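Undergrad: Structure in structure tokens, see below.
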Amino acid sequence: MKKGLCFLLIGALLLCFTGCQKNPSNLSATGEYNGQKIALQLSSETDIAVEQLHSFEQGVVIASSGTDFFMISADGKRLTEEEYHFIGGFNEDGYALAQNPDGEYVYLNTAGAVVESATPSTTVKDTERYDSSETTGEKSETGDYLFGVKDSDTGEHLTKSIFTWIASTENELNFATLASGEHRQVMISPRGEVKAYLPDNCNMAYLQGDHIICRFEKDIYRLADKTGQLLCDTAFTSISPFSSGKAVVTSGAKMGIIGDDGVICIEPQVEIDQPVDNNTPLIWNDTIACIQNGKLTIVKAATL
């Protein structure tokens, strides 16, 4: 009798453990996108252990586990046998810069193979140059020093002294504060061109085409357009880059879909692992790469 009760107890515990696991095969999330019904449907459960997702483009997921980077295809097959110290995003030629275990830099193609004809470089090309900001000593009405942007090679002034703060001019997009008007935070090019206005209290932003993914206090994210107008009232744990007009959003450890108009297509409800360092499930066309139970899972946003 005691042995029978013991077996029953073990069985109950196993059922409980199984029920606590995130089960991607039970996906039932549906919604609407551009007037059509869509559903999240399991495509592939892999046995590839993943801690972070870095990018999903050209049908290739770049992911890492610990200090090792690797490539995975959109259907969940591992493309690189060798584990790299680093793999970057793809350039216009379809090559990704990677560092192998010997510390050498190589280029990989979308099949994960080393491209012998490509010459790896970790430096900025000679034809590219970054500009620098400087203060003229002038001050705004509030007493702040004013900054402008000049060409670092020729010394030519590219803007007047219209900023009270410029974070840097060494990136594709840089943060700055306009001196005039409402002293709004903006994103500028290295040459001082204003590319987007940021909502108030936004402390970090990522420009994605015509959209800005904005981070606020307590690490919440919201979607805005280039004028700084918020497109959605809902705050998310993360928002992925857009692909084919859609992005993956998360709320805690649940994911859903948002359209480029800011309308939520599928409420966050599919259980995933909590995003690490705000890395998020990623979408390419209608294929989503996410992490469930420490393993990469591929989900389709299928039109019904």
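Undergrad: Of the conditions (1) outside the structural domain of V263 (by TED's automatic domain parsing); (2) surrounded by 21 or more Cβ atoms within 10 Å (Cβ to Cβ); (3) not acidic (D, E), Y197 clears all except one; give me its number.
TA: (2)
Undergrad: Given the stretch 189-280, what strands (runs of 3 or more DSSP E) lie entirely inside it while holding 1 or more residues that are on the phi < 0 side of the Ramachandran plot and charged (D, E, K, R)? Can you show your working first?
TA: Values: elements: 194-197, 204-208, 211-216, 220-225, 246-251, 254-259, 264-271.
Hits in the stretch 189-280: 194-197, 211-216, 220-225, 246-251, 254-259, 264-271.
Undergrad: Any residue at all in the stretch 258-277 that is in contact (Cβ under 8 Å) with a residue 40 or more places away in the chain, surrounded by fewer than 23 Cβ atoms within 10 Å (Cβ to Cβ) and among the polar types (S, T, N, Q)?
TA: yes
Undergrad: Answer with yes or no whether V115 is surrounded by 15 or more Cβ atoms within 10 Å (Cβ to Cβ) and either more than 30 Å from G76 (Cα to Cα) or polar (S, T, N, Q) (or both). Give the derivation first.
TA: Working: surrounded by 15 or more Cβ atoms within 10 Å (Cβ to Cβ): yes; either more than 30 Å from G76 (Cα to Cα) or polar (S, T, N, Q) (or both): no.
Considered against the rule, which asks whether it is surrounded by 15 or more Cβ atoms within 10 Å (Cβ to Cβ) and either more than 30 Å from G76 (Cα to Cα) or polar (S, T, N, Q) (or both), V115 comes out as no.
Undergrad: Kindly list the number of the only condition in (1) over 15 Å from the mean Cα position of the chain (by Cα); (2) more than 17 Å from L40 (Cβ to Cβ); (3) at pLDDT 90 or above; (4) of a type in the set (K, R) that fails for K218.
TA: If we test K218 against (1) over 15 Å from the mean Cα position of the chain (by Cα); (2) more than 17 Å from L40 (Cβ to Cβ); (3) at pLDDT 90 or above; (4) of a type in the set (K, R), just (3) comes out false.
Undergrad: Condition test on A289, is it among the hydrophobic types (A, V, I, L, M, F, W, C), crowded, with 22+ Cβ neighbours inside 10 Å and either without any contact (Cβ under 8 Å) to a residue 24 or more places away in the chain or touching an Asp or Glu at 6+ places or on another chain (Cβ under 9 Å) (or both)?
TA: On the way: among the hydrophobic types (A, V, I, L, M, F, W, C): yes; crowded, with 22+ Cβ neighbours inside 10 Å: yes; either without any contact (Cβ under 8 Å) to a residue 24 or more places away in the chain or touching an Asp or Glu at 6+ places or on another chain (Cβ under 9 Å) (or both): no.
No.
Undergrad: Looking only at the stretch 62-77, count how many residues are in contact (Cβ under 8 Å) with a residue 60 or more places away in the chain and of a type outside the set (A, V, I, L, M). Let's see the steps before the verdict.
TA: The initial filter retains those residues of the stretch 62-77 that are in contact (Cβ under 8 Å) with a residue 60 or more places away in the chain, namely 63, 72, 74-76.
Filter again for of a type outside the set (A, V, I, L, M), leaving 75-76.
Residues meeting the conditions: 2.
Undergrad: Please indicate, with yes or no, whether at least one residue in the stretch 61-70 is modelled with pLDDT under 90 and of a type in the set (S, T, Y).
TA: Yes: one or more hits.
The values are calculated or read from the model by the stated rules, or taken from the named source; none is laboratory data. The structure displayed is predicted, hence computed values, not measured ones. Every residue, glycine as well, gets a Cβ built from its backbone with ideal geometry; the counts of neighbours run over all protein chains shown.
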